[in-house]
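Okay, structure first, notes after.
The values are calculated or read from the model by the stated rules, or taken from the named source; none is laboratory data. Because the structure is predicted, anything quoted here is derived from the model rather than measured. No Cβ is skipped: glycine too gets one built from the backbone with ideal geometry, and neighbour counts run over all protein chains shown.
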Amino acid sequence: MRYFTKGLFMIVLSVCLLSLIGCATPPKKEEISEKDTIIQNLDEENAVLRREMDRLTKENQLLTEEKLKIDEELRVIKEDLNKKKSEESTIK
């Protein structure tokens, strides 16, 4: 019984060591090239998204400037309208 236990222990130990050796082997070249391809594709997609974000930021800035100009024109028109109303009320 004692030898059976030692033998079983040695078999389990051998299996554990072999599995560790199997896990420690470096990845295959196909796996590395797949990962590199995925990383390269993600980098390209990231670059495209950054360019799009820059374009949208510039467009947003232009629209904000245009809105400020329109707001200023609207303010001037309202002031003119208020002046005309006040002149009409004083005339009456």
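Here is the figure for region 65-92: residues that are polar (S, T, N, Q) and exposed (fewer than 10 other Cβ atoms within 10 Å of the Cβ) total 2.
Number of residues in region 7-43 that are at pLDDT 75 or above and more than 42 Å from the chain's Cα centre (by Cα) equals 6.
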